[in-house]
1. To the nearest 10 degrees, how steep is helix 217-228 against the longest Cα principal axis of the chain, on a 0 to 90 scale?
2. Once fully extended, how much extra length lies between residue 78 and residue 222, figured as 0.36 nm per residue of separation less the alpha-carbon to alpha-carbon distance?
3. So what is log10(I(q)/I(0)) for segment 28-178 at q = 0.11, 0.17 1/Å, when the Debye sum runs over its Cα atoms only?
4. At 0.36 nm per residue, minus the direct Cα-Cα distance, what do residue 148 and residue 101 gain on full extension? Give it in nm, one decimal, please.
5. Under the definition of Cα pairs under 8 Å and six or more residues apart, what whole-number percent is the relative contact order of the chain?
6. What is segment 33-86's relative contact order, in percent, from Cα pairs under 8 angstrom and six or more apart in sequence?
7. Report relative contact order for segment 69-194 in percent, whole number only (criteria: Cα-Cα under 8 Å, sequence separation at least 6).
8. Compute the long axis of helix 69-79 from its Cα atoms, compare it with the longest principal axis of the Cα atoms of the chain, and write down the angle in degrees, 0 to 90, nearest 10.
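Values quoted throughout were computed directly from the atomic coordinates according to the rules given, and no laboratory measurement underlies them. A quick note: this is a predicted structure, and the numbers were derived from the prediction, not measured. Backbone-built Cβ (ideal geometry, glycine too); neighbour counts: all protein chains shown.
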Ligand code: 8X3
């Protein structure tokens, strides 16, 4: 599996309307001039503006929710014989930060639907083509929350722990296919993550990063690109990236 062939194919990035997904789309567009980019997300205006910025000759957008199984199946149909070489399963979120007994069941459903079902549907849809073409790379967005449980994290932690388990399972089941599987597991990163977690409360979101220097989306995009750019015989299993100011989810240095 020459990595150059990854660069000549189509890169699918879910959740490309903000944060890690958007930064990854920009970085791959810049770094892999021969790649086509298919970006997906739920917010059409944002997809349109990224296509405009990066150039419609090589970037196409698909507006759907990855947790909508029918929509993913339709997307897969429109993919047809497209040479999809990379899938970045980035779409995901944390919703709520409350004690288990007080948490919103709607928040749980949303996290399970997007972080797990979305990743499963997309992977199930695109992996067989990669296996048939004997080339491909799946990058899953994990989290430090998939390694360390923290207070009020419960379902978010459970979904990211499941992403870690699924990444490992996938690697075992497709061993010998030449398709690589990587998990990128960040700690505190300032994107829309906390605003979404706190249901739009910017004040609460800002407090999360107060007095410390968090990761930014470009840090994660660079880790993704680095994993993709390794030589064919190298599979990066996982990368845990933390801000220098964070040792564990509960140990953060604030000035
Ligand atoms: C994000 C990391 O620790 O804020 O996935 O939940 S954390």
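1. Once rounded, one gets 40 degrees.
2. Between residue 78 and residue 222, full extension yields an extra 48.9 nm.
3. The Cα Debye sum returns log10 ratios of -0.49, -1.07.
4. Length gained, residue 148 through residue 101: 14.9 nm.
5. Reported as a whole number, the value is 21 percent.
6. Taking the mean separation of contacting Cα pairs over the length of segment 33-86, I get 33 percent.
7. Over segment 69-194, the number comes to 30 percent.
8. Here the helix axis deviates by roughly 30 degrees.
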